[in-house]
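Enquirer: Supplied in structure tokens, the structure appears directly below.
The values are calculated or read from the model by the stated rules, or taken from the named source; none is laboratory data. Here the structure is a predicted model, which means the values were calculated and not measured. Don't worry about glycine lacking a Cβ; one is built from the backbone with ideal geometry, like all the others, and counts go over all protein chains shown. Quick note on the areas: whole protein, heavy atoms, side chains included, nothing else; ligands and nucleic acids left out. Shrake-Rupley method; radii C 1.70, N 1.55, O 1.52, S 1.80 Å.
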Amino acid sequence: MTKVLVTGADGYIGASLCPHLVRLGWNVVGAVRSLDSVSMVDGVDYCGTGPIETVENWAPYLRNINIVIHMAGIASFPKKPVSRDYRLLEAVNVDATANLVRCAARHGVKRFLYVSSAKVLGESSGAVPISAHAVPAPRTPYGESKLRAEEQVVEICGEHAPAMEFVILRPVLVYGKKPVGNLLRLFRLVHSGGPLPLGRAVPGYGKSAPAET
């Protein structure tokens, strides 16, 4: 049976992913910061690791693990950051990821899946759709931290190839039940019944189509 460690198991994506993996018949270990506030899912073996930037040794959580899905990290950043915000972002998103990859490689993990972000590609692609060949161009501290974490994954897994392969996903905004952040704000705006100024945000949006001849 496939045994997987999911970090951020109680997060927005992790809370849906873990029960899905259980339904697939996988043996799921869910790593969370604290067990006190977790909504337990049947079939998931939860473990409280504390803040991931403080975990030096992942060995207790990697026993017989075949796959690691790493999603834990800082997903939002203050508009007026101070130096400690940057240090924490680096410690959580970059250093903790690198440490987990190294520990996973030492303990025989076969695949490391890192959930990054489309933010590593920038804030907008203009008129050109984003593709798998797009060149990373992060414009925010968060995007930069996710790119540096990707680079750590590639480098460390390369050192242990072909023993441990890696997969990097760059999802865009994820929606579902009980949204948070900007998506929640957008939903509230829609439900308010007020006019949505989207026509001014997207060039050409809302203009009348040319008459057919």
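Enquirer: What about G122, is it open to solvent by less than 50 Å² (accessible area, probe 1.4 Å) and on the phi > 0 side of the Ramachandran plot? Show your work before the answer.
Expert: Values: open to solvent by less than 50 Å² (accessible area, probe 1.4 Å): yes; on the phi > 0 side of the Ramachandran plot: yes.
Criteria met by G122.
Enquirer: Same structure, new question: Quick test of your reading of the structure: V6 fulfils all but one of (1) more than 21 Å from A105 (Cα to Cα); (2) in contact (Cβ under 8 Å) with a residue 60 or more places away in the chain; (3) among the β-branched types (V, I, T); (4) in contact with a helix residue (DSSP H, G or I) (Cβ under 6 Å, 6 or more places away or on another chain). Name the failing condition by number.
Expert: Looking at each condition in turn, V6 falls short on (1).
Enquirer: Name the residue, out of K119, K79, K110, that is farther than 21 Å from E165 by Cβ and either among the polar types (S, T, N, Q) or over 17 Å from the mean Cα position of the chain (by Cα) (or both). Before the answer, list the steps.
Expert: On the way: K119 fails: either among the polar types (S, T, N, Q) or over 17 Å from the mean Cα position of the chain (by Cα) (or both); K110 fails: farther than 21 Å from E165 by Cβ.
Of K119, K79, K110, the one residue that is farther than 21 Å from E165 by Cβ and either among the polar types (S, T, N, Q) or over 17 Å from the mean Cα position of the chain (by Cα) (or both) is K79.
Enquirer: So, in the stretch 60-73, how many residues would count as being surrounded by 15 or more Cβ atoms within 10 Å (Cβ to Cβ) and over 21 Å from L147 (Cβ atoms)?
Expert: Residues flagged as surrounded by 15 or more Cβ atoms within 10 Å (Cβ to Cβ) and over 21 Å from L147 (Cβ atoms) within the stretch 60-73 amount to 5.
Enquirer: Kindly indicate whether E144 is buried (at least 16 other Cβ atoms within 10 Å of the Cβ), in a helix (DSSP H, G or I) and touching a strand residue (DSSP E or B) at 6+ places or on another chain (Cβ under 6 Å).
Expert: No.
Enquirer: Next question. What's the total number of residues in the stretch 74-104 that are aliphatic (A, V, I, L, M), open to solvent by 10 Å² or more (accessible area, probe 1.4 Å), assigned to a helix (DSSP H, G or I) and in contact with a Phe, Trp or Tyr (Cβ under 9 Å, 6 or more places away or on another chain)?
Expert: 0
Enquirer: For the stretch 170-195, which residues satisfy the criterion of being small (G, A, S) and free of Cβ contacts under 8 Å to residues at least 40 places away in the same chain?
Expert: S192, G193, G194
Enquirer: Does the stretch 193-208 contain at least one residue that is at pLDDT below 95, open to solvent by less than 40 Å² (accessible area, probe 1.4 Å) and part of a loop (DSSP other than H, G, I, E, B)?
Expert: Scanning the stretch 193-208 turns up at least one residue that is at pLDDT below 95, open to solvent by less than 40 Å² (accessible area, probe 1.4 Å) and part of a loop (DSSP other than H, G, I, E, B).
Enquirer: Considering only residues that are assigned to a loop (DSSP other than H, G, I, E, B) and either open to solvent by 30 Å² or more (accessible area, probe 1.4 Å) or among the β-branched types (V, I, T) (or both), which ones fall in the stretch 105-119?
Expert: Across the stretch 105-119, the qualifying residues are H107, G108, V109, K110.
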